[in-house]
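So the structure is just underneath, and the comments pick up after that.
The values are calculated or read from the model by the stated rules, or taken from the named source; none is laboratory data. Predicted model, so just to flag it, every value in this text is computed and none were measured. Quick reminder, even Gly has a Cβ in these numbers, built from the backbone with ideal geometry, and neighbours come from all protein chains shown.
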Amino acid sequence: MDLIWNELPGYAANVVEKADLIQSVERYIRLTINVLRRGEAPTFSELAIENDLGSRRAKQNVPLESVILAFRATERVILLDVFSDRHHWPLKLTRHYADLVIGTFDRLSQHTVNSYRETYSVLESLHERAQGDLMDALINGIALHPGQLATWAQMLSVDPGRPYLALAVATDGEKEPLKALRLRTRFSLALQPAAAGPVLFGETASEQVGLFSPAGTVARVLENLKSTITGLHWEGRLIVGVGTLCDNLATAGSSCLEALSAANVGMRQESRQTVLTYEATLVDSLLLDQAKTATALVASRLGQLEDHPQLLETLQALVDNDFSQSRTARNLFVHINTVAHRLKRIQTLTGYDPLRLNQLLELALALRYRNLT
């Protein structure tokens, strides 16, 4: 027991009851003694008792390597005990007993490993399905029944009462399964140290959506995401949108939609690889959410300028340079009087004066949506 309990990963009080381990080890020892007494290998029915052990350890999430090492530790102790007086035995008898012990534990471990893998495969499939169903419901805004939510939370080992944060990962080009899996794995590993529990993932037609409960601050999460993007050496555009922190798992759908919205804004901008929070993209998200109204805004405020690219360029430069005509002139490499003339021309064509703040704001919003689309 000393070689196993609190020594091998998974064999600790927070995973397995010590009495369970003791009972299993006692069974190994009794079986080995019976085998040695009769001098014959264990029967199939004797080995079959361990099928349940492999399944149980898989359900308890004890690592398979630890299960195998527990067998080997017990085997070693039995060999040392049995052969403590081997100098009195004939060599042939010593080899026979050694073969019986080693063979017994080989068969025991093989039966357990097979059972473990079968159960783990089923559990993994159920886990993936539960994860996919939960994330699909959250992403699509489907109301979650408390009973179903509790079932999913139990299967996925997540605490439904903790706050949750979502991220959406968007890339350009066609979606490739292997690249998508690589991204999911890298971001999951990057977020795990900052998460209180597992990191869940789902997907839309073009984005991957992650969800987790932060163990620390959102600022720490953002730093992890930025470092991950840098370390990926990704070819092409890579935008990570981050939602706001929601109260619990049942309300996490709002954070998922916010993350998707931020990623959508980022893909419409010129940034190549970056992390964008929903709060940083509120204006753009609002314009995109109200596309019909925003389109009408562009038509009514900027429609008369579509045939005058210099005027649109000047208006954009004025906005980018904090409404300073002198800085706009320097940016465009023209005289300040040229800028003033163009601004007057904009007023004449649109009916909106770019030198009056309230009217300039409307023109700026129209420009902003035009750039997004």
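Summary table below
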| item | result |
| --- | --- |
| Contacts under 7 angstrom Cβ, first residue in the range 14-41 being within 13 Å of Phe105 (Cα to Cα), partner part of a loop (DSSP other than H, G, I, E, B) and of a type outside the set (D, E, K, R), 6 or more apart | Val25/Met1; Arg27/Ile49; Leu31/Pro42; Val35/Ala41; Val35/Pro42 |
| Only one of Val62, Val122, Val101 that is modelled with pLDDT of 90 or more, buried (at least 18 other Cβ atoms within 10 Å of the Cβ) and not assigned by TED's automatic domain parsing to the domain that holds Tyr164 | Val62 |
| Residue list for the range 223-233, restricted to those being under 19 Å from Asn264 (Cα atoms) and surrounded by fewer than 17 Cβ atoms within 10 Å (Cβ to Cβ) | Lys226 |
| Filter result for Leu288 (at pLDDT below 95, part of a helix (DSSP H, G or I), within 15 Å of the chain's Cα centre (by Cα) and farther than 25 Å from Glu176 by Cβ) | no |
| Any chance Leu178 is part of a helix (DSSP H, G or I), at negative phi and modelled with pLDDT under 90 | yes |
| Residues being hydroxyl-bearing (Ser, Thr, Tyr), closer than 19 Å to Thr171 by Cβ and under 14 Å from the mean Cα position of the chain (by Cα) - total across the range 207-255 | 1 |
| Residues satisfying the stated conditions in the range 131-158, i.e. surrounded by fewer than 16 Cβ atoms within 10 Å (Cβ to Cβ) and over 16 Å from the mean Cα position of the chain (by Cα) | Asn140, Gly141, Ile142, Ala143, His145, Pro146, Gly147, Gln148, Ala150, Thr151, Gln154 |
| Residue count for the range 232-286, restricted to those that are of a type in the set (D, E, K, R), out of contact with any strand residue (DSSP E or B) (no Cβ under 9 Å at 6 or more places or on another chain) and in contact (Cβ under 8 Å) with a residue 60 or more places away in the chain | 2 |
| Test: residue in the range 26-34 that is of a type in the set (Asp, Glu), at pLDDT 85 or above and under 29 Å from Gln154 (Cα atoms) | no |
| Test: residue in the range 112-122 that is under 18 Å from Thr32 (Cα atoms) and assigned to a helix (DSSP H, G or I) | yes |
| Test: Leu249 is in contact with a helix residue (DSSP H, G or I) (Cβ under 8 Å, 6 or more places away or on another chain) and under 19 Å from Thr281 (Cα atoms) | no |
| Residue ranges of helices (runs of 4 or more DSSP H) in the range 293-373 with at least 2 members under 29 Å from Thr281 (Cα atoms) and among the acidic types (Asp, Glu) | 309-320 |
| Hits in the range 286-329 (condition: surrounded by 14 or more Cβ atoms within 10 Å (Cβ to Cβ), within 13 Å of Thr373 (Cβ to Cβ) and not polar (S, T, N, Q)) | Leu287, Leu288, Ala294, Leu297, Val298, Leu302 |
| Answer residue from the range 1-26, given it is buried (at least 16 other Cβ atoms within 10 Å of the Cβ) and of a type outside the set (Phe, Trp, Tyr) and is nearest to Val62 (Cα to Cα) among those | Gly10 |
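One line per residue, one yes/no per condition, for (1) within 22 Å of Ile4 (Cβ to Cβ); (2) among the aliphatic types (A, V, I, L, M); (3) surrounded by fewer than 16 Cβ atoms within 10 Å (Cβ to Cβ); (4) touching a Pro at 6+ places or on another chain (Cβ under 7 Å):
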position	(1), (2), (3), (4)
Val67	yes, yes, no, no
Ala70	yes, yes, no, no
Glu75	yes, no, no, no
Ile78	yes, yes, no, no
Asp81	yes, no, yes, no
Ser84	yes, no, yes, no
His96	no, no, yes, no
Arg107	yes, no, no, yes
Asn114	yes, no, yes, no
